[in-house]
Amino acid sequence: MAFYHAHDPQWPDVSDAGLIAAAPIWLSMHYPRLAEGMPLAEIDMHQALSALLPWPAAQDFDKDVPASITVPSGRSIPVDYSDKQPSVQVKLQECFGLEDSPEVLGTRIRFELLSPAGRPVAITDNLTRFWDGAYADVRADMRGRYPKHPWPEDPRTAPATRKTTAQLRR
């Protein structure tokens, strides 16, 4: 919600000050239980903060600012919105076939591409440029370190996978 607010000031401010000012709205459904001594930790924050979203635009919130994206391997990867640019961490082989970085509210998602062991090998918000340039160096380095995993010359046309080359042959 903070990422959306940064792109559209019409959306609710969910900073500490904004939440305090709007507490009567987003806590309203919980007031009776809070008065009875219910701890704040038991509040379903997603449900409570949803009360702040403007209607009918709130219906499109999950589509406009998805909690996760599906990469070509078929896996759903959570999107981190804690910075000014949304980001994901995903193994590089799971992105084969992905032509370019998807966008959220006109901002490209930053990809932290990981080795098969889960270690960062590259960070980019422009997969087209990465595939055309730095991928060749990453491929050369990673083929020696992880020879059991696929490192195709053309990652745009290669099938995305989480498996080793031997598992793919089976």
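Bear in mind that the values in this text are calculations on the coordinates, not laboratory data. This one's a predicted model, so the numbers in the text were calculated from it and none came from an experiment. Please note: Cβ atoms are built from the backbone with ideal geometry, for glycine as well, and neighbour counts cover all protein chains shown.
Please work out how many pairs of lysine residues in the chain are eight or more positions apart (or on different chains) and have Cα atoms closer than 20 angstrom.
Counting lysine pairs in the chain gives 4.
From the helices alone, meaning DSSP H stretches of at least four residues, give me the mean residue ellipticity at 222 nm for the chain, per-run term -39500 (n - 2.57), in deg cm²/dmol to the nearest 500.
Calculated mean residue ellipticity at 222 nm is -7000 deg cm²/dmol.
Please list the non-local residues whose amide H lies under 5 Å from the amide H of His149, H modeled 1.01 Å from N, same-chain partners needing a gap of 5 or more.
It is Thr165, by chain and number.
Residue by residue through the stretch 75-84, what is 3J(HN,Hα) from phi via Karplus (6.51 cos²θ - 1.76 cosθ + 1.60, θ = phi - 60°)? Round to whole Hz and write x for glycine and proline.
Each residue's phi maps through the Karplus curve to give 7, 8, 10, x, 9, 9, 9, 6, 10, 5 Hz.
Let me spell out the model: positive unit charges on the Cβ of Lys and Arg, negative unit charges on the Cβ of Asp and Glu, origin at the Cα centre of the chain. What dipole size does that give, in debye rounded to 20?
That gives a dipole near 1160 debye.
Taking Cα pairs under 8 Å and at least six residues apart, what relative contact order does the stretch 11-170 come out at, in percent? Before the final figure, lay out each step's value.
Numbers: 192 pairs, mean separation 26.5, N = 160.
Contact order relative to length: 17 percent.
Mind jotting down the distance between the C-alpha centroids of the stretch 108-161 and the stretch 1-26, whole Å?
37 Å
Report ³J(HN,Hα) in whole Hz for each residue of the stretch 139-150, in order, from the Karplus equation J = 6.51 cos²θ - 1.76 cosθ + 1.60 where θ = phi - 60°; Gly and Pro get x.
Coupling constants for the stretch 139-150: 4, 4, 5, 6, 4, x, 7, 10, x, 7, 10, x Hz.
GNM, the chain, Cα, under 10 Å: largest mean-square fluctuation among Ala22, Ala136, Ala117?
Ala117
Sequence-distant or interchain residues sharing an amide H contact under 5 Å with Val104, placed H: which?
Ile109
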